[in-house]
Structures are given as C-alpha cells and as structure tokens.
Amino acid sequence: MEKEKFFTDDEKKTFFSKYRELHNALSANLEVDDFPRIRQLLRQIDPMECYGRDSNGVNGLLRNIETALIATRDIGLKRTPILALILYRPVMKGAVTVEVVEKTFNTDVSLILNRLLRTSELYARNTAVNSDNFHHLLFSFAEDVRVILIMIADRLCMMRMGKEMVDEQDRTRLATEASYLYAPLAHRLGLYKIKSELEDLSLKYLDSKQYYYIKDKLNETKRSRDEYIENFIRPVSEKLTASGLSFDIKGRIKSIHSINNKMKKQKVDIEGIYDLFAIRVVIDSPAERGRQDCWQAFSIITDMYQPNPKRMRDWISVPKSNGYESLHITVLGPRKRWVEVQIRTQKMDEIAEKGLAAHWKYKGGQAERGLDEFLADVRAVIETQGSTPMDLMKEFKMDLYQDEIYVFTPTGELVKLGKGATVLDFAFAIHSKIGSRCVSGKVNGKNVPIKYVLNNGDTVEVLTSPTQTPKRDWLSFVATTKARSKIKQTLREESAKNAEIAKELLQRRIKNRKVDIDEPALMRYIKKKGYKAATDFFIDISEGKLDINTVIDECLDLDRHETATEGVRSAENFVANIEAKELSTHQDVLVIDNNLTGIEYKLAKCCNPIYGDAVFGFISTQGIKIHRLDCPNSTEMRSRFGYRILPAEWSGKGASGYTVTLRIVGNDDIAIVTNITSVISKESKVSLRSINIDSVDGLFQGAFAIIISDVSALTILIKKLQGVKGVKNVERVN
C-alpha cells in the first residue's frame, strides 16, 4: 500500500511561496535565530502526526502557514503570537512541551500557547459554540486579545478552504459559526475586511443560490458600474486638484452579504438598491488641517452635485463614541442616480479601516460596557504619537466579564452565573427542584461538596437525592439571587406545612385529654409566651422546642388565673402559606437515532414539512418540532441552540393531509385559473383547499393551498403546473 504523501506537488509550491511571504512580512520583527530555533524544534516531531490532513483532507501545515500569513498581513500580529501559532499543533499533540518552548523562546510565547490550548478545550464541547454566552466565555478564557485575533485568522483560513471540505455538515457548521461568532468578533475589533469576507463566505456556503445570484448580477453590471464611477470621479478629481488638495479617491462595492441584507430589509430585488457602491475621498493633509480640508472637499462636491440633506452625517465635528470620524453625504450624480460619498483624512481612514478601535457600532448596535472601555483604551493608544494598536495588545488582559462566570452542563450547554457561585447555585439555575434535592456535585469529573465555588469553564454535574430538602445553612454560602429566593421560599413552605401538622397534633392531644381550651385562650397563651405570630409557635412545637403536654398544662393554668372581667383581645389569625405551584421547564436531552417511531412530535408551522422533505427535530418548550432542513429559521436554530437539534427522517409511507401553498405567477389570462385547477383536480392524491388570486400590470399571481401526500407527489404536480400555458413560475412558499 502506497504511503500517503504529505504534500502534493501543488501544495508544495503553495507552501514555499507562502513561507517566503510570511518570512518577508515578519523579518523586521524577528530575532536573528528565531527561524533556526523553530526548525530545530520541528525536526523532533512527526510531521504526519502533528500537521497531517484532517477528516476533510485539509493539510495541517498549509492551514497553519496560511493562518499565520493572515494574522501577520491582514491583522498586524508580530513575532510572539506568530511563533505561538506555528508551534501550537506540536504542543497540542504532545510532541513538544510548553516548557521547552518557554526555554527556547520566552515566557510570552508560552503564555500565548497556554491560552490557545485553553480556548481549544472549549471546542471539545461542540454544542457549547452554539450558545449565546459562548463569546463571553471565549473572551474570558483567551485573556489576551491576541489569542482572539489568532482564532479569527484561523477561521478565515478555514472558510477560504471550505470548498475543499468533503463533509457538507462540517462546512455548514463552520459557516454558521463564522457568521454568528467570528464575524461579529472581527467587527468589534475593527477587522472590517475580514468581517466582510467571513460574512460573504458564510452566505456562499449557507445560501449558495442567493450568493451566486447577487454575484452574477454584480458581474453583469460591472462594466456599466465602473464606467459610471469613472464618470463621477473624473470631474471631482479635477476640482479637488485645482483647489490644491492632496487626496486619493476611489469607488468601492458593498459586500454581497451587505447587499443581501439590504434586499431583505427593503424587500426589493438588487435592481431596487441604489447604493450598491460608495465613493471614498481620503485627504492627505497635516493633522492640524485635517478637518478643514475635509470640509473644503465637502463644499466642492456638494457644489457640483445636489446633496440629500436627510442623508448627511457629520462625524468629524462630533465623532462617534467609538472614535469613528468621517463625513458622509449622498448626492444626486449623473443620470439622476444617488451616490454615497465618504470624506476623511488618511488617519481617520486608517483608524476606521484597520484600527481595533474602529466603528463596530457603525450601524447603531448597543455596545457592551467592557468592550467599549477596551476600544476606548485602544483608541487612546492609536492617538499617541509613534504608537501602534499592538503596543496595547501585548499587555492587555481581557477581564471584560469579571463579575460573571460561564460553566457547562454535562451536555455542553452554557450557564451564566455570578462570580462566587457554588455547585448549589448551579443546581438552582438548572431547576429549583434539582437545587432542592442537591446533595453534592462533580466538577470536571471530581466529586465536590455543594458549597464548592465554581470557576469559568467548569463542567458541572449535580448529584441529587429524593430525600434531600433545603437547609437553612444553605443561605450562608449561596451567591445567586435565584438560589437564595428559592431556598427561602421552600423553607417557608416547609415551615408552614410543619406548623399545620403541629397545630393538628395539639388539637388532637387537647381532645384526647378531654380538656377545654378554645382558640382565644390558646392565642392569649401564645402571645404571653412572646410569639409575634402563631406560625412561629407551631413551628417550635414541630421542631421539638416546645413539649405539647407542657403547653396544654401552662395554657390551662393561664386560663384559670385570668379573671372573668379581663378583656379578651382577639387573637392573631393563623394563615398557612399556600404552597406555590411551579411549572417544570427542564427537559432531558433526547436522542433520536434517525427514527421518529413512537416519539411524540409536531410539524413546525414556519416551514410546514411534508412526508419526504429533508427534516430535523428541534426540542422546544412545547415538545419536539419537525422542521425542514431549508427552513428559514434553521440557521439561527443551529447556531444558537445546536444542542437541541435531533437527526430525523421519515419512515413508513406518507399519509394524505399535508397542507402546502403554491405560489403561481403567469400571464393574466382569463383561462389560466381554470387550467391550473383542472391540473390539480386530475391528480389522485391531491385536493384543492383554497385559492387567493391577485392581478397586477398584466401578471397573474395566485396562492393555491392544496392537501397532498408527500414530496414526490408535489414534485410531479409542480412539473405539470409549469407546463400550463401562460404559467411563468411555480414555487412552494411553505
């Protein structure tokens, strides 16, 4: 059997080309013997073991060198994080130790390595990545922003290699993760080109049909668009040059992902979006004249083209809270087309395009306090003469969420707790009944008491007993409000229950002794004993602090010594607490091995799956819902609640009764409805339920609700309807 080659011929050429590019990019920041030291360490390892191909056939060394190149060229990382990145795989595989790396290089490299290894542990729990809380935990684990930047570079590298993946599920998971986690992180850290590329590639893999539709449309109009931009820029450049300004002017196309969002938001096709591109004017002028020159350029352009005052944005006079500075104006260009123009200085452009303190709130999102402070610090460094963002990154510790910790359930779900939370707090966070029965726990596989204080990233398992009940001393060590309130509530309920039992016991004993102690007499006795509430009195009886026979004797003595004329005050009424009814929201994780037989489920109304559709199960609060794989909500469900997804497939035969709506568009002909209904009525397994018809500008559009047995019958029907004279399009809308 032929031994697998480490490199193909093409891969070998690519590797050496990228290696030289990386070496050149880093040469000014490396120590003389850095690369010889790396080569010496790498000679000790087995390349196939440390850098071999993964399950999708991606070469590990190529991925490593490409990630390092992105981190250096596109992000600006230098010596320390790049050395850690190159050595990460050998250390993770155990071929080289962190101690050896520290001895060979320095402590900073080993610290980055340790933090990379620590964050990689999170990915051993695949479902956790889909949690809303994951990026908080990621920041906390990474500690150093350079670790986050390396991870972003690696995800971009993998997304670029996505087309090489043989496993469609791996590609979908990667694209979803990039869209919901790494693109927003890149946006927050000012990596806008990377953010846009991650979003575009995510759309390409998750909705390739829409991606290529927009891409093809852009390609079709590229020539006319470039010609228009050139015609717009030429006279502007002449005027700006004549005014004595030094500048650079260019047009840029919006990203495919951005265009897709605009199409959805504005509910128009791509032809209906007028701002597919923007013109950017970058002024080269001294810092003291920067704003003045921007306003001069603004005046020249608005004199040439009519501005839209409603779309004027001045972030130079009053910069945005994140430091973003620029003038935005929309003007009416040639052929009466609106064109967006951005005017800024080179420094403003550098901060806006590449700086880590850039405009991640540009579209108006609400900032998180910790990240806002961090970005403000980064901007302060950028504005310091002679410094770079990486000066701050070197020492920065990402304690953004110091008042919170995030821990895992055994199934990988993330739970947010306050700092100082214990195993018991975690148990109550899962469910009050679990908390009430908690006797101990397991943290990272080790047995611990219920008062054990948890740390970020711990995996926690709760051990319960049916005989366990909340104790008063629990209140002395729980840290969360939920746990404290639930314990108090349960103690009150238990006390009320015990008080009622003690009251019944006292009444029975009084009856057995055949003595006469009425309610008012008993209440006078309780008050004389110093109890403010009758409940406390009966609780002391239940706990054995008061002897029932002694109580009866003392009560009789008090009654005999009281005079008949003594005023009797009405006693305090005893009202037992009503036991609160609590609805359980906890659901055990259910695994369905591609077989729904005997399992209760409902078909989701958002996508109305029918027999034969590719489907998956989703555990909701109303039970298991069955969705189509192409359900419009599937991407969000997989990204945010991946741990609730169940594999599913149909079994048996399809039954009549599935409702499907077909949207049919065609020429507005008087006979078209008759012809369509005729085709439907002739199908043996199909019945027509309702029709909704509309006609606009000579086009007929109808929504036909039918009842059908399965997908194959639906496919046959759609083909027949497409053959009806005058019909232009037939599509399933749910």
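The values are calculated or read from the model by the stated rules, or taken from the named source; none is laboratory data. Being a predicted model, the structure only gives us computed values, none of them experimental. Note: ideal-geometry Cβ built from the backbone for every residue, glycine included; neighbour counts use all protein chains shown. The protein model used for the area step is the full one, side chains on, heavy atoms only, and it has no ligands, DNA or RNA in it. Shrake-Rupley method; radii C 1.70, N 1.55, O 1.52, S 1.80 Å.
Note on PHE477 and ASP669: with the Förster distance fixed at 56 Å, the Cβ-Cβ geometry gives a FRET efficiency of about 0.10. What the phi angles of the stretch 239-244 give under the Karplus curve with 6.51, -1.76 and 1.60, with θ = phi - 60°, is a coupling list of 5, 5, 5, 4, 7, x Hz, glycine and proline written as x.
Test of understanding: what is the full-extension gain from ASP284 to ARG37, defined as 0.36 nm times their sequence separation minus their Cα-Cα distance?
Numbers: separation 247, 0.36 × 247 = 88.92 nm, distance 4.29 nm.
Result: 84.6 nm gained on full extension.
Per residue, the stretch 166-312 exposes 53 Å² of solvent-accessible protein surface, assessed with a 1.4 angstrom probe and all protein chains in place. In whole Å, what is the distance between the alpha-carbon centres of the stretch 505-520 and the stretch 524-559? After rounding, the separation between the Cα centres reads 13 Å.
Could you order CYS606, CYS294 by accessible surface area, starting with the largest, using a probe radius of 1.4 Å?
Working: CYS606 55, CYS294 0 Å².
These residues rank, largest area first, as CYS606, CYS294.
Ignoring any ligand, DNA or RNA, what whole percent of the accessible area of the stretch 466-518 comes from carbon and sulfur when the probe is 1.4 angstrom? Exposed carbon and sulfur together represent 49 percent of the surface.
Of ASN261, ILE283, PHE247, which is farthest towards the positive pole of the stretch 245-287's charge dipole, taken about the Cα centre with +1 and -1 on the beta-carbons of Lys, Arg and Asp, Glu respectively? Value: ASN261. Within the same chain, lysines fewer than 8 places from LYS347 are excluded, and of the rest, those with a Cα less than 29 Å from its Cα are LYS78, LYS193, LYS195, LYS239, LYS250, LYS254, LYS310, LYS320, LYS361, LYS363, LYS394, LYS397.
Between GLU649 and ASN595, LEU596, the built amide H atoms are under 5 Å apart, and every one of these is 5 or more places off in sequence or on another chain.
Using a probe of 1.4 angstrom, how much of the accessible area of the stretch 235-293 is carbon and sulfur, in percent? Walk me through the numbers before you get to the answer.
Values: 1570 of 3220 Å².
Heavy-atom surface of the stretch 235-293 belonging to carbon and sulfur, 1.4 Å probe: 49 percent.
Length available on full extension from ARG160 to ILE434: 0.36 nm per residue minus the Cα-Cα distance, which gives 94.1 nm.
Backbone amide hydrogens, once placed in the peptide plane, bring THR345 within less than 5 Å of ILE283, excluding anything fewer than 5 places away on its chain. Placing +1 on the Cβ of every Lys and Arg and -1 on the Cβ of every Asp and Glu, with nothing else charged, gives the stretch 429-493 a dipole about its Cα centre of roughly 240 debye. Just to be sure I understand: of the beta bridges DSSP finds with both ends in the stretch 201-348, what percent are antiparallel, rounded to 5? Roughly 75 percent of the beta bridges in the stretch 201-348 run antiparallel, per DSSP. Annotation: amide H of LEU463 within the under-5 Å range of VAL439, SER440, GLY441, LYS442, sequence separation 5 or more or interchain, hydrogens built in the peptide plane. Here is the P(r) of the stretch 272-348: all C-alpha pair distances, binned every 10 Å from 0, give 19, 51, 25, 4, 0 in whole percents. So, in Å, what gap is there between the alpha-carbon centers of the stretch 678-724 and the stretch 453-475? The two parts, judged by their Cα centres, are 59 Å apart. Taking θ as phi - 60° and the Karplus parameters 6.51, -1.76 and 1.60, the scalar couplings of the stretch 487-493 work out to 5, 4, 4, 5, 5, 5, 5 Hz in sequence order, x denoting glycine and proline.
Note that the stretch 416-479 presents 48 Å² accessible area per residue, ligands and nucleic acids not counted, probe 1.4 Å.
Extents of the stretch 195-344, largest first, come to 49, 36, 26 Å (Cα atoms, principal axes, whole angstrom). Karplus-derived 3J(HN,Hα) values for the stretch 275-292, using 6.51 cos²θ - 1.76 cosθ + 1.60 with θ = phi - 60°, are 9, 6, 9, 9, 9, 10, 10, 10, 8, 9, 8, x, 4, 6, 10, x, 5, 4 Hz; glycine and proline are entered as x.
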